1. Take the conditions touching a helix residue (DSSP H, G or I) at 6+ places or on another chain (Cβ under 6 Å) and outside any helix (DSSP H, G or I) and apply them to A:His299. Does it pass?
2. Quick check on A:Asp336: is it over 29 Å from A:Pro238 (Cα atoms), surrounded by 12 or more Cβ atoms within 10 Å (Cβ to Cβ) and either in the same structural domain as A:Asp278 (by TED's automatic domain parsing) or more than 11 Å from DNA strand B (Cβ to nearest atom) (or both)?
3. Among the residues of the stretch A:302-337 satisfying the criterion of being touching a Phe, Trp or Tyr at 6+ places or on another chain (Cβ under 7 Å) and in a loop (DSSP other than H, G, I, E, B), which is modelled with the highest pLDDT?
4. Please give the number of the condition A:Leu213 fails out of (1) within 16 Å of DNA strand C (Cβ to nearest atom); (2) not in a loop (DSSP other than H, G, I, E, B); (3) not hydroxyl-bearing (Ser, Thr, Tyr).
5. Restrict the check to the stretch A:319-334 and report whether at least one residue is touching a residue at least 12 places away in the same chain (Cβ under 8 Å), of a type in the set (A, V, I, L, M, F, W, C) and over 29 Å from A:Leu101 (Cα atoms).
6. Quickly run through the stretch A:121-162 and pick out the residues that are farther than 22 Å from A:Pro229 by Cβ and part of a loop (DSSP other than H, G, I, E, B).
7. When A:Glu87 is evaluated against the numbered criteria (1) closer than 19 Å to A:Phe66 by Cβ; (2) of a type in the set (D, E, K, R); (3) crowded, with 20+ Cβ neighbours inside 10 Å; (4) more than 11 Å from DNA strand C (Cβ to nearest atom), which criterion, by number, is the only one it fails?
8. In this structure, is A:Thr181 polar (S, T, N, Q) and under 23 Å from the mean Cα position of the chain (by Cα)?
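The values are calculated or read from the model by the stated rules, or taken from the named source; none is laboratory data. Since we're looking at a predicted model, the values are computed, not measured. Heads up, the Cβs are rebuilt from the backbone with ideal geometry, glycines too, and the neighbour counts pull from every protein chain shown.
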Amino acid sequence: MRDSAEIIVSDALLEWYDRHAREMPWRIGPADRAAGMRPDPYRVWLSEVMLQQTTVAAVRDYFLRFTTRWPTVQALAAAPDEQVMGEWAGLGYYARARNLLKCARAVTQNYDGRFPDSFEALLNLPGIGPYTAAAISAIAFDRPETVLDGNVERVMARLHDIHDPLPGSKPLLKEKASALTPAIRPGDYAQAVMDLGATICTPKSPACGICPLRDPCQSRVAGTQTDLPRKTPKKPKPTRYGHVYVAQSADGAMVLERRPDKGLLGGMLGWPGSEWNDAPAERPPFPANWKMLSGEVRHTFTHFHLILRIWTTDAADHDIPEHLTVVDKHSFRPGDLPTVMRKAYDLWRGQ
DNA sequence: CATACGTGGAC
DNA sequence: TGTCCAAGTAT
């Protein structure tokens, strides 16, 4: 139930969106939209999964590479796991890539390659949560679902001057966002709020002077914009340490290890090594004359800092244990490694 | 409800 | 350099 004030806000947002919508590879143009066309659900799904906790700038090239290599959900479903993980390398949150494949295979097998259009059905697919289910349903299928992401949370908290901290305030913020969602163009409305949050109503220094919602915005009156949304404070990150072992055989092959599917960097290729903790024991993957490189790799994950020592040997033609993966010189691509492992490779190469 | 889960850019 | 943060999901 939208009252006149809510209609004014959503109309202002849509009008702003029509003038300022950013070009993105997964969007269709205004002319096609006006002609009643919808974007390809496969492309909407792929972009939304890539965009989870990830900026548009970081996603763009990955999206283009994925859709060039796998133009349809059936093509992606048929891809070998290691190719998809390699293509995802560097984008982070690797559970997304594992769930991406599970989802593509479920859609191919259970839905004949056509994504379901309802929020409920989408929510049951791997890697699709409340945000992504609503986004696909609204954007690809024109369903009146309301998305609640970080942008929408921020815009709603400021528009209504809500001081209750996240994540507890989510239900209230969702309620406010739902009240604004129009029956027509719900997908454009969703993208309009998110674009506004990404370009105007930014976390640090919002451009209130050019905001289409500057008149109805309550936090602008109160002067509380940059204090909102409030969030519960985060825990400090501990520092952990580790050893990794970079070995190359005489013919140029690299000795790597496929990490287990669960946990940090799950399913990705990496250098064998120690545990990562306060004081890890050295743990060479096979006996050899290992030398520690000078320098170290520093990397920060979501919840801890990591300092890695890099070891190498030029005598890697010993017996290589079965659980390791030997990748020949011409097949090895540093770009298939997650960033922390690529940093170790860079240090080794530059020794 | 809290925690695990990546990375790069902005300030 | 350190901290925050981004179109979140799974457990």
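1. yes
2. Values: over 29 Å from A:Pro238 (Cα atoms): no; surrounded by 12 or more Cβ atoms within 10 Å (Cβ to Cβ): yes; either in the same structural domain as A:Asp278 (by TED's automatic domain parsing) or more than 11 Å from DNA strand B (Cβ to nearest atom) (or both): yes.
The answer is no for A:Asp336.
3. Applying the first criterion (touching a Phe, Trp or Tyr at 6+ places or on another chain (Cβ under 7 Å)) to the stretch A:302-337 yields A:306-307, A:310-313, A:318-321, A:334, A:337.
Okay, now just the ones that are also in a loop (DSSP other than H, G, I, E, B), so A:318-321, A:337.
On the way: A:His318: 69, A:Asp319: 79, A:Ile320: 87, A:Pro321: 91, A:Leu337: 98.
Checking each candidate, the answer is A:Leu337.
4. Failed condition: (2).
5. Scanning the stretch A:319-334 turns up at least one residue that is touching a residue at least 12 places away in the same chain (Cβ under 8 Å), of a type in the set (A, V, I, L, M, F, W, C) and over 29 Å from A:Leu101 (Cα atoms).
6. A:Asn124, A:Leu125, A:Pro126, A:Gly127, A:Ile128, A:Asp142, A:Arg143, A:Pro144
7. A:Glu87 satisfies all of (1) closer than 19 Å to A:Phe66 by Cβ; (2) of a type in the set (D, E, K, R); (3) crowded, with 20+ Cβ neighbours inside 10 Å; (4) more than 11 Å from DNA strand C (Cβ to nearest atom) except (3).
8. Numbers: polar (S, T, N, Q): yes; under 23 Å from the mean Cα position of the chain (by Cα): no.
So A:Thr181 fails the test.
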